[in-house]
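J.: The structure that follows is given in the form of structure tokens.
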Amino acid sequence: MNINETIKPTNTISAYLAGFLVHATQIGVGVLGYQRIIAKEAGHDAWIAVVLAGLATHLIVLAMTHTLKSYPNADIYGIQVDIFGKWLGTALGVMYAIYFFLSATLILRTYVEVVQTWMFPNLPTWVLTAIILFLAIYTIMGGIRVVAGYTFFSVSATIWLVCDLYYPLQYAQWEYLFPILEVNAEQLFRGMLGMTLSSIGFEILYVIYPYVQNKERLSRSVQTGVLVTNLIYTFVMIVSLVFFSQGQLMRTIWATLNLKKMVYFPILERFELIAISIWLLVILPNIMVYIWSSARGFKRLFGWSLRKTVVMILPVIYVICLLLVSRNQINQLNDLYSKIGLYAAYVYPLVLFVLVKWKQRRRRIKEGATDANVPK
Amino acid sequence: MDQEMARKWLSNTGDLVVEHIDKPNGRVRLYYLSTLADASIVYNELIPKLRLLPLETVGIDEVEKQLGVASSNRVYEVQEAVSRMIHNAIYVHVEGAAFGLAIPSDGTVGRSIQAPEVESVVLGPQIAFVEELNVNLCIIRKYMPTTHLFHERLVAGTEIPVDISVLYLENIVDPENVNTVRQRIQELNVDSHLDSSILAQYITDNERSLFPTLQQTERPDRVIHGLRQGQVAILVEGSPFVLLGPTTLLQFFQSPDDYYLRWVLATFNRIMRMFAMILSLLLTPVYVATLTYHYEMIPADLLLSLAQSRSRVPFPPLWEALLMEIIIELLREAGARLPTKVGQTIGIVGGIVIGQAIVQAGFTSNILIIIVALGALSSFIAPSYMIGSTIRVIRFPMILLAGLLGAMGIVAGFSFLASHLLRQTSLGRPYMYPLYPVRFEDWKDGFIRAPLSSLWLRFKFFNPQQKKRFNREQGQMKKDIDE
């Protein structure tokens with residue numbers, strides 16, 4: 001396996017699209033109900049935890065871009081093999097691919113759960129899952145460019161949903177926010193950990209990196225994408241904190257959807273139903289990118305064709321989605337996923353960054369040493 | 001070639017005419033097809049000239065000199081002679097000579113040039129292409145007097161060859177586009193085809209898609225505009241429609257009218273067209289979705305009037321909507337097939353009588369009639385007939401999805417549409433340009449139509465060799481207010 005890869009120019013994407021991809025993969029089902037989890041730990045200072053978690057994300061993304069920049073055109077699967085050797089590198093690669101695959105599954109199942117809770121209580125899981133997976137596979141088969149284009153459209157078509165927070169803001173109780181910083185550092189940190197599930201997604205940068213055309217602009221665009229995500233999370237968090245009292249917030253599972261209930265037009269009520277439908281556009285890029293990243297992993301590690309791998313992955317996702325029946329199961333798996341995500345997306349990139357830099361330095365010393373030893 | 005041979009080669013056709021001119025020392029034969037060639041040339045020019053030939057020598061050289069025809073008209077093979085004859089030529093044969101002469105003549109029947117009917121505009125030239133390739137080429141040449149206009153003749157069809165002309169401005173066009181077009185036409189392996197619409201389906205990027213990926217127009221001004229931007233035009237003998245490629249989805253919502261009107265009006269029209277398309281796609285599905293699943297979304301007052309209107313309707317909204325949509329499609333198809341005068345009657349019968357009666361009979365609600373009529377009307381706003389038809393067809397799966405999954409189904413339908421459009425290409429170039437890949441500078445002549453002075457760059461999508469149309473400084477020259 002080649003650690004670096006050459007991608008055909010017809011398959012590459014512009015740097016700004018990488019920003020869109022990262023942003024779109026971060027925003028998923030998490031944003032619909034992350035408020036309760038964080039407020040549980042950090043109380044009315046939850047927004048500070050969100051900001052801090054955002055800053056941490058920026059930092060991790062910076063480490064990731066630097067790790068990737070150490071190679072001409074490699075992705076995580078190649079880098080791991082380079083650092084850890086063939087066997088351990090491949091094993092870690094498989095784990096990462098399974099992690100991506102698990103992400104796609106959980107996002108899909110959680111979304112179906114939301115739809116069943118809010119819109120169609122009697123809709124069987126298999127119908128909606130099949131439809132969403134069909135839409136995903138149809139787009140993935142068009143290649144990364146089509147996936148990126150779809151992501152671009154979905155972000156452009158859904159970003160305006162933030163504006164509807166104007167309606168709950170009319171009923172804002174700003175004194176709910178005070179006194180600022182009542183919590184201690186440990187509570188804040190636990191609040192930050194609660195953000196993991198919502199803000200992971202940027203790790204797909206590890207896989208799309210070889211496909212980016214103008215890599216010198218990549219860092220800026222990805223950081224912008226992460227920044228937009230963080231701004232949205234912070235804004236939604238603040239609105240939730242001033243709209244709900246702490247007691248209410250603890251009892252509200254999908255707080256963002258409850259906020260959307262406040263939207264009222266002369267010809268339209270119950271806006272959250274529209275929002276949930278449109279949310280399909282938000283979660284589809286998530287599922288597509290994760291499935292694509294996972295299939296890329298198997299292609300890189302074992303040389304399977306991407307098309308076949310995607311076709312093989314889909315039934316597995318479908319079956320897992322059908323096996324998850326109760327709300328409780330989904331919740332437990334989401335908690336587990338959140339823990340895995342913390343290590344896979346926050347801790348591990350830092351470790352990898354250090355290892356890559358250390359190995360490079362050693363290589364440079366070695367080469368420098370051999371250069372010096374060459375007799376003239 | 002003697003008479004028997006000619007008859008054999010032309011499948012014993014009844015319209016083969018052979019004129020004999022016998023001189024003592026040589027015999028001349030004139031072969032032509034009376035249905036194709038201009039007989040007046042034969043009798044007013046060729047025969048009198050040949051009768052004047054001197055008695056002593058009648059060879060092919062003398063005949064050639066006497067008739068005063070160019071050497072390019074020499075024909076050495078029977079096959080060649082016959083193929084010239086079925087292209088209107090008169091074949092002159094001298095017994096014993098090594099070659100014959102094929103003298104071209106005009107004489108085919110054709111329609112006279114008329115005003116465009118499919119794509120009519122209020123302002124701008126009122127001229128449309130006709131079925132004859134040469135007349136169409138003449139129109140383009142006449143309104144585009146430039147030496148850069150490059151004209152390539154191709155032939156497609158293994159059984160019955162059809163002349164195809166590929167036109168482009170060689171100093172502007174991207175050679176890659178020309179190569180793609182040429183290659184696709186040359187690699188075409190069908191016995192024959194009739195029309196540019198059929199050719200378009202053969203050489204299109206994705207034949208299975210509902211969306212047209214080559215523009216088709218009967219307006220010379222549209223073709224000339226396309227050529228100037230760097231598009232490739234394909235003309236087919238026997239078709240009054242010219243193909244233009246590569247193209248984008250947005251271009252199907254643009255009309256030549258946009259350039260004849262002032263820019264605010266043109267922009268307004270363009271935005272209205274997009275709006276109409278979305279309306280046409282969404283109205284009926286939204287009606288079906290809200291009334292089937294999400295009636296809690298409708299405010300109480302509105303719901304009351306809706307419920308009253310629907311109180312007598314025995315069908316669920318999905319069936320009600322499908323019934324109405326099918327009736328509208330029936331009327332449209334009937335209107336397109338019937339002669340003009342009867343067509344109007346059908347319109348009145350369909351629109352007023354059926355519309356009134358169906359509500360009174362309690363089959364559908366008033367509101368649905370309004371919605372379906374609006375949706376149908378909107379789909380006819382599209383400046384391109386093809387895209388209008390596409391949108392009318394897409395409505396049906398949308399209604400079905402709305403009936404099955406409500407708002408969720410509509411979003412899923414739109415999502416599929418987005419993926420599908422993103423996957424399309426036109427001559428290998430992205431179909432959704434300039435939306436994706438995003439090129440804001442080309443939005444100036446996409447969603448909106450900016451003032452002409454600011455359209456100083458050619459559409460980048462065509463990758464023109466000359467990027468600039470004119471100098472921006474000169475185009476936007478402004479004076480200070482005190483000058």
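J.: Given the structure, is A:S70 small (G, A, S), crowded, with 20+ Cβ neighbours inside 10 Å and either closer than 24 Å to A:Y211 by Cα or touching a residue at least 12 places away in the same chain (Cβ under 8 Å) (or both)?
T.: No: the conditions fail for A:S70.
J.: Given the conditions (1) of a type outside the set (G, A, S); (2) buried (at least 18 other Cβ atoms within 10 Å of the Cβ); (3) touching a strand residue (DSSP E or B) at 6+ places or on another chain (Cβ under 9 Å), which single one is not true for B:Y385?
T.: It fails just one condition, (2).
J.: In the stretch A:182-197, which residue that is in contact with a Ser or Thr (Cβ under 9 Å, 6 or more places away or on another chain) and of a type outside the set (V, I, T) is surrounded by the most Cβ atoms within 10 Å (Cβ to Cβ)?
T.: Result: A:M195.
J.: Now a separate question. Consider A:Y337 carefully, then state whether it is of a type in the set (S, T, Y), surrounded by 12 or more Cβ atoms within 10 Å (Cβ to Cβ), without any contact (Cβ under 8 Å) to a residue 60 or more places away in the chain and in a helix (DSSP H, G or I).
T.: no
J.: Within the stretch A:88-112, how many residues are within 14 Å of another protein chain (Cβ to nearest Cβ) and under 24 Å from A:R270 (Cβ atoms)?
T.: 2
J.: Just the residues that are more than 8 Å from every other protein chain (Cβ to nearest Cβ), free of Cβ contacts under 8 Å to residues at least 60 places away in the same chain and of a type in the set (S, T, Y), please, taken from the stretch B:376-430.
T.: Scanning the stretch B:376-430 gives a single hit, B:S389.
J.: Would a scan of the stretch A:287-309 turn up a residue that is closer than 28 Å to A:M119 by Cβ and polar (S, T, N, Q)?
T.: no
Quick grid of which residues meet (1) under 25 Å from A:L193 (Cα atoms); (2) within 14 Å of another protein chain (Cβ to nearest Cβ); (3) not aliphatic (A, V, I, L, M):
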site	(1), (2), (3)
A:S14	no, yes, yes
A:G19	yes, yes, yes
A:A46	yes, no, no
A:V50	yes, no, no
A:L59	yes, no, no
A:N73	no, no, yes
A:I76	yes, no, no
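J.: Test of understanding: among B:I271, B:I203, B:I298, B:I198, which residue is within 14 Å of chain A (Cβ to nearest Cβ) and of a type in the set (A, V, I, L, M)? Quick ask: steps written out before the conclusion?
T.: Values: B:I271 fails: within 14 Å of chain A (Cβ to nearest Cβ); B:I203 fails: within 14 Å of chain A (Cβ to nearest Cβ); B:I198 fails: within 14 Å of chain A (Cβ to nearest Cβ).
None of the others qualify; the one that does is B:I298.
J.: Next question. Considering every residue within the stretch B:204-214, establish whether at least one is touching a Lys or Arg at 6+ places or on another chain (Cβ under 6 Å), at negative phi, modelled with pLDDT of 90 or more and not basic (K, R). Spell out the reasoning first.
T.: Pass one, the stretch B:204-214, residues touching a Lys or Arg at 6+ places or on another chain (Cβ under 6 Å): none.
No: the stretch B:204-214 contains no residue that is touching a Lys or Arg at 6+ places or on another chain (Cβ under 6 Å), at negative phi, modelled with pLDDT of 90 or more and not basic (K, R).
J.: For the list (1) surrounded by fewer than 23 Cβ atoms within 10 Å (Cβ to Cβ); (2) more than 9 Å from chain A (Cβ to nearest Cβ); (3) of a type in the set (A, V, I, L, M), I need the number of the one condition that B:V438 fails.
T.: (2)
J.: Which residues, counting only those in the stretch A:212-229, are among the polar types (S, T, N, Q) and farther than 16 Å from A:I7 by Cα? Please lay out each step first, then the result.
T.: Going through the stretch A:212-229, the residues among the polar types (S, T, N, Q) turn out to be A:213-214, A:219, A:221, A:223-224, A:229.
If the condition is that a residue be among the polar types (S, T, N, Q) and farther than 16 Å from A:I7 by Cα, then A:S219, A:S221, A:Q223, A:T224, A:T229 are the ones that fit.
J.: Another question, then. So which residues in the stretch A:258-272 are more than 10 Å from chain B (Cβ to nearest Cβ), assigned to a loop (DSSP other than H, G, I, E, B) and touching a residue at least 40 places away in the same chain (Cβ under 8 Å), if there are any at all?
T.: Within the stretch A:258-272, A:M262, A:V263 qualify.
J.: Next question. Taking the options B:I160, B:I139, name whichever one is assigned to a loop (DSSP other than H, G, I, E, B) and either over 20 Å from the mean Cα position of the chain (by Cα) or not assigned by TED's automatic domain parsing to the domain that holds B:G388 (or both).
T.: None of the other options fit; the residue is B:I160.
J.: Being at pLDDT 90 or above and within 14 Å of another protein chain (Cβ to nearest Cβ): is that true of A:I131 here?
T.: For A:I131, the condition - at pLDDT 90 or above and within 14 Å of another protein chain (Cβ to nearest Cβ) - is met.
J.: Further, regarding this structure: Would you mention how many residues in the stretch A:212-251 are farther than 22 Å from A:T158 by Cα and crowded, with 22+ Cβ neighbours inside 10 Å?
T.: The qualifying residues number 6.
J.: When the residues of the stretch A:273-295 are filtered to those that are in contact (Cβ under 8 Å) with a residue 12 or more places away in the chain and closer than 17 Å to B:V286 by Cβ, which remaining residue is farthest from the other protein chains (Cβ to nearest Cβ)?
T.: A:A275
J.: Is at least one residue of the stretch A:230-251 over 20 Å from A:L177 (Cβ atoms) and away from chain B (no Cβ under 14 Å)?
T.: no
J.: Which numbered condition in (1) more than 21 Å from B:E45 (Cβ to Cβ); (2) surrounded by 14 or more Cβ atoms within 10 Å (Cβ to Cβ); (3) in contact (Cβ under 8 Å) with a residue 60 or more places away in the chain is the only one that B:E80 fails?
T.: Condition (3) is where B:E80 drops out.
J.: A further question follows. Tell me yes or no: at least one residue of the stretch B:178-185 is without any contact (Cβ under 8 Å) to a residue 12 or more places away in the chain, polar (S, T, N, Q), on the phi < 0 side of the Ramachandran plot and not in a loop (DSSP other than H, G, I, E, B).
T.: yes
J.: For the stretch B:365-390, give me each residue that is part of a loop (DSSP other than H, G, I, E, B), under 30 Å from B:L210 (Cα atoms) and over 30 Å from the mean Cα position of the chain (by Cα).
T.: Step one: filter the stretch B:365-390 for residues part of a loop (DSSP other than H, G, I, E, B), giving B:365, B:380-384.
Restricting the remaining residues to those that are under 30 Å from B:L210 (Cα atoms) gives B:380-384.
None - no residue of the stretch B:365-390 is part of a loop (DSSP other than H, G, I, E, B), under 30 Å from B:L210 (Cα atoms) and over 30 Å from the mean Cα position of the chain (by Cα), so the list stays empty.
The values are calculated or read from the model by the stated rules, or taken from the named source; none is laboratory data. The structure presented is a predicted model; accordingly, all values stated were derived computationally and were not measured. We place every Cβ from the backbone using ideal geometry, glycine too, and count neighbours over all the protein chains shown.
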